Amino acid sequence: MSNQQRNTMNPYLWIAYDYTSTSQCLTMLDTILEKHSDTNIIHEIGRPTLLHAALEGFPIVTEFRKRLNNCQILVADFKGFDVPYSAEGNYYYAAGVDLITVMAAAPNEAIIEAIDGANADQKRVAFDLMTYQDQNWQVIRARELASLGANLISCHTGWNEQAAGKNPLALVEQVCQQLKYTATKVIPMGGLKPSDIQELKPYAEQIFAIAVGSAITRSKDPNAEIAQFQLEIERLKPRPLSNAPWAAIER
């Protein structure tokens with residue numbers, strides 16, 4: 001798919017599977033894939049799942065990749081920091097992952113290594129802005145990352161912050177304004193509900209994916225929740241201009 005084609009599409013729905021039990025994680029994946037094997041849904045193996053799978057000696061990437069047989073994008077959210085490609089990302093890519101995550105606060109040398117590695121392997125890397133730093137720092141760092149060649153930046157509100165009532169919407173607005181004239185795309189992530197999605201409409205063309213975790217995976221009916229998110233994402237499409245005589249008013 002060309003960049004031009006991707007830019008005309010709605011954002012992906014990105015589902016994060018954050019589990020301490022690999023069996024529960026795969027059960028949820030199977031439940032979702034029964035009704036939603038869509039190519040426009042991204043599936044993320046969360047950091048807790050990656051760590052517990054490693055402790056168990058369980059090949060979680062292989063199991064995800066085996067199930068995702070409709071060209072869906074697979075993410076390993078390992079949140080790299082030092083040598084994120086040569087020590088980690090390289091191996092995840094080889095195992096079948098399409099996209100890895102690296103912390104935006106990593107040294108520039110590590111950022112560049114991650115970008116170069118992803119480009120060499122024809123894969124993707126997203127840089128996660130979650131930090132103790134304030135929002136002003138995050139916005140400045142997003143601009144710096146774009147100048148370094150980053151294609152994807154996550155505006156991420158973590159679990160602890162969500163418990164304090166936070167979500168990424170305000171940060172998304174500021175980051176998108178800073179990146180308006182760049183090719184870098186944004187990923188709102190953490191604490192989002194279907195009712196939040198329309199607040200992203202002014203920036204829809206700058207958004208690569210909308211990432212959702214527990215709102216789907218901890219709901220009573222995950223597939224119904226996915227359908228609701230998909231409906232809201234579909235509504236992000238700009239309204240086509242009319243050819244009627246009064247259309248000049250709209251233009």
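Backbone phi angles across region 76-91, fed through the Karplus curve with coefficients 6.51, -1.76 and 1.60 (θ = phi - 60°), yield HN-Hα couplings of 10, 8, 8, 6, x, 9, 10, 5, x, 8, 5, 9, 9, x, 3, 6 Hz in residue order; Gly and Pro are listed as x.
Region 45-117 and region 13-34 have their alpha-carbon centroids 16 Å apart.
Provide the net charge surrounding Ser37, with neighbours chosen by a C-beta distance below 12 Å and charges set as Lys +1, Arg +1, Asp -1, Glu -1. All intermediate terms of the calculation are to be shown ahead of the outcome.
Values: positive: Lys35, Arg67; negative: Asp30, Glu34, Asp38.
Every neighbour counted, the sum reads -1.
Build a GNM of the chain with springs between Cα atoms under 10 Å apart, and of Cys71, Cys176, Cys25 the one that fluctuates most is Cys71.
In debye, nearest 20, what is the charge dipole magnitude of the chain about its Cα centre with +1 on Lys and Arg Cβ and -1 on Asp and Glu Cβ, if you could check? Don't skip to the end; give the middle numbers.
Values: 22 positive and 28 negative charges, 131 e Å.
For the chain, the charge dipole is close to 620 debye.
Summing charges over all other residues whose Cβ lies under 11 Å from the Cβ of Leu200, with Lys and Arg as +1 and Asp and Glu as -1, gives -3. Taking Cβ atoms as reference points and 15 Å as the exclusive limit, the residues near Gln230 contribute a net charge of -2, counting Lys and Arg as +1 and Asp and Glu as -1.
With respect to the cross-link table entries Lys193/Lys237; Lys193/Lys220; Lys185/Lys220; Lys35/Lys193; Lys180/Lys237; Lys35/Lys66, which display a Cα-Cα separation exceeding 25 Å?
Numbers: Lys193/Lys237 18 Å; Lys193/Lys220 14 Å; Lys185/Lys220 32 Å; Lys35/Lys193 20 Å; Lys180/Lys237 18 Å; Lys35/Lys66 17 Å.
As for pairs spanning more than 25 Å Cα to Cα, those are Lys185/Lys220.
Which is the longest stretch in the chain that no exposed loop site breaks, taking sites as chymotrypsin sites (Phe, Trp or Tyr not before Pro) with a DSSP loop state and at most 16 other Cβ atoms within 10 Å? The longest uninterrupted stretch comes out as 1-80.
Throughout, read-outs are computed from the coordinates displayed, never taken from laboratory work. Model, not experiment: these values are computed from the prediction. Virtual Cβ from ideal backbone geometry, glycine too; neighbours counted across all protein chains shown.
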